[in-house]
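Here the structure is laid out as structure tokens; the discussion comes afterwards.
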Amino acid sequence: MVAILSVALVLLFTGYNVFYTYKQGEKLTCMAGMMIAMTVGMMSSLALGVVLGVALQHDLTLSTIIAILFGMGVGYLTGKPVSLMAALDGMMAGIMGGMMGAMLGVMLVVSDSIVLFIDVIFIFVMSVLIQLIDEESGKSKATNDSNSKPFLGSAITLFVGIVIVGVMLLFQYQGNVSSASQSQSVQPESQTTSKENDGYQIATVDVKSNGYGPNNIEVKAGVPTKIDFKTTSGISCTKHVVSNELGIDVDLKKGDNFIALKDLKPGTYKYHCGMYMYGGTITVK
């Protein structure tokens, strides 16, 4: 739901700024047009990239493509009424914002808080941008007294948004603490897990936010095997493990994650995180 509202917010504010720039385009200088187009292209693709990176669940390719194309489009449409140079500047900013936004959305798993924080920053920047358009087009000279109202509104939006994000982060932290204490108190469930693992050789991979360890684990060939990706932190791309060689493509939860591997032949098999940033190997002998 948060993702849908965020996408609607990005489309609404971006569309309004593109229309408003087009309306005032003849009154804007080339330098002002370049700054406006760059801001619209960068912020809109960045915000959309973050939302899509979270909503599409680790699909970095699709979220990057959509965000870049969107940023290039709005950057061009914003800058073209002023000059072709401004349009080009907006397109380049859209490419950069789309790449960074999608990557950020895929890496950060605290989705609601991050998306909401980006929304707040996006609204604030777009509100200030409207004031810049008025100022550069000469419209603000006739309405100096009213200029403080939009700025005050955007400042209040930023402050309220930061407070809301802080409250959400506090609740999430308390939830993580309570869930951790509950998992420590319910020890008998591990006995059930051990029964399910009877007959398997178990190898453990420690999953942390900065990578996997050890870098290589060794198991015996011809023996049913389970790899336990033991996760201590869920705020990283390491919580998504992929291996085309082993047929693994899973999201890890906090704690033990046993993945069964069948018919392992001697050799070395690679696995990596969803963003190909971290990885390790499994050697079968």
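The values are calculated or read from the model by the stated rules, or taken from the named source; none is laboratory data. Remember, it's a predicted structure, so these values are computed and weren't measured experimentally. Heads up, the Cβs are rebuilt from the backbone with ideal geometry, glycines too, and the neighbour counts pull from every protein chain shown. What goes into the accessible areas is simple: the full protein's heavy atoms, side chains included, and nothing from ligands, DNA or RNA. Shrake-Rupley method; radii C 1.70, N 1.55, O 1.52, S 1.80 Å.
Summary of computed values
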{"quantity": "Test: L46 is touching a Phe, Trp or Tyr at 6+ places or on another chain (Cβ under 9 Å) and open to solvent by 30 Å² or more (accessible area, probe 1.4 Å)", "calculated": "yes"}
{"quantity": "Residue in segment 73-90 that is under 17 Å from the mean Cα position of the chain (by Cα) and buried (at least 19 other Cβ atoms within 10 Å of the Cβ) present", "calculated": "no"}
{"quantity": "Segment 51-90, residues that are under 30 Å from T238 (Cα atoms) and of a type in the set (S, T, N, Q)", "calculated": "Q57, T61, S63, T64"}
{"quantity": "Boolean, G222 is out of contact with any helix residue (DSSP H, G or I) (no Cβ under 9 Å at 6 or more places or on another chain), at positive phi and in contact (Cβ under 8 Å) with a residue 24 or more places away in the chain", "calculated": "yes"}
{"quantity": "Odd one out for I66 among (1) closer than 30 Å to C273 by Cα; (2) aliphatic (A, V, I, L, M); (3) open to solvent by less than 30 Å² (accessible area, probe 1.4 Å)", "calculated": "(3)"}
{"quantity": "Filter result for the condition that a residue is farther than 29 Å from T268 by Cα, modelled with pLDDT of 60 or more and out of contact with any strand residue (DSSP E or B) (no Cβ under 7 Å at 6 or more places or on another chain), over G175, G211, G166, G199", "calculated": "G166"}
{"quantity": "Filtered residues of segment 226-252 (kept if assigned to a loop (DSSP other than H, G, I, E, B), open to solvent by 70 Å² or more (accessible area, probe 1.4 Å) and closer than 13 Å to S209 by Cα)", "calculated": "T232, I235"}
{"quantity": "Which listed residue, of T14, T61, is open to solvent by less than 50 Å² (accessible area, probe 1.4 Å) and part of a helix (DSSP H, G or I)", "calculated": "T14"}
